[in-house]
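K.L.:
Structure provided below as structure tokens; questions to follow.
The values are calculated or read from the model by the stated rules, or taken from the named source; none is laboratory data. Remember, predicted model here, so these are calculated numbers, not experimental data. As a convention, Cβ positions derive from the backbone with ideal geometry for all residues, glycine included, and neighbour counts pool all protein chains shown.
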Amino acid sequence: MAPNTVLVLVDIAHHDSGKDVLSYAAAAFPSATLHAAYVMPYGFYSYVEPFVSDESQKAANTRAKEELAALVAAANVQATPHVLRGGIGEQAMLEAKAINADLIVLNAVRPGSALSTLGTHAAQIARHAKASVLLHR
């Protein structure tokens with residue numbers, strides 16, 4: 001059964017792999033509604049936040065939204081962008097629940113990694129997500 005709602009997780013720091021996974025999801029599931037999400041991980045480390053000004057946090061959020069929009073445009077897909085903040089695995093699963101995603105698509109490993117093992121965030125999401133998970137290589 002084809003999914004209705006697909007959450008595609010991307011890392012704006014790895015533009016090419018983000019573009020690839022978005023293009024893959026759009027081609028593989030043409031009738032699904034796509035959502036592209038990037039999680040700003042620094043918010044997970046609460047001990048850092050007192051040393052980061054509100055202005056810097058707002059600027060980082062604005063930059064992340066702009067880069068995610070540019071990534072979606074570069075992939076030439078229709079996807080609703082979401083910039084989240086917190087632990088990557090936790091935020092991905094919360095967003096999947098919030099949008100009622102049938103499927104979560106993400107890269108299996110960090111681009112350029114010499115290891116062929118599953119990345120830590122991918123492994124966490126694959127183990128704990130309520131939605132189906134597709135790991136793209």
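Residue-by-condition table, conditions (1) small (Gly, Ala, Ser); (2) surrounded by fewer than 20 Cβ atoms within 10 Å (Cβ to Cβ); (3) touching a helix residue (DSSP H, G or I) at 6+ places or on another chain (Cβ under 6 Å); (4) over 25 Å from GLN124 (Cα atoms):
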{"residue": "THR5", "(1), (2), (3), (4)": "no, yes, no, no"}
{"residue": "VAL21", "(1), (2), (3), (4)": "no, no, no, no"}
{"residue": "ALA27", "(1), (2), (3), (4)": "yes, yes, no, yes"}
{"residue": "PRO50", "(1), (2), (3), (4)": "no, yes, no, yes"}
{"residue": "SER53", "(1), (2), (3), (4)": "yes, yes, no, yes"}
{"residue": "SER56", "(1), (2), (3), (4)": "yes, yes, no, yes"}
{"residue": "ALA69", "(1), (2), (3), (4)": "yes, yes, no, yes"}
{"residue": "GLN91", "(1), (2), (3), (4)": "no, no, no, no"}
{"residue": "ALA96", "(1), (2), (3), (4)": "yes, no, no, no"}
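K.L.:
Just the residues that are assigned to a loop (DSSP other than H, G, I, E, B) and at pLDDT below 90, please, taken from segment 30-65.
P.N.:
Those that are assigned to a loop (DSSP other than H, G, I, E, B) and at pLDDT below 90: TYR45, SER46, TYR47, VAL48, VAL52, SER53.
K.L.:
Continuing with the same structure: What are the pairs with Cβ atoms under 9 angstrom where one residue, in segment 63-83, is farther than 14 Å from LEU34 by Cα and the other, located anywhere, is of a type in the set (S, T, N, Q) and assigned to a helix (DSSP H, G or I)? Sequence gap at least six, or different chains.
P.N.:
VAL83/ASN61
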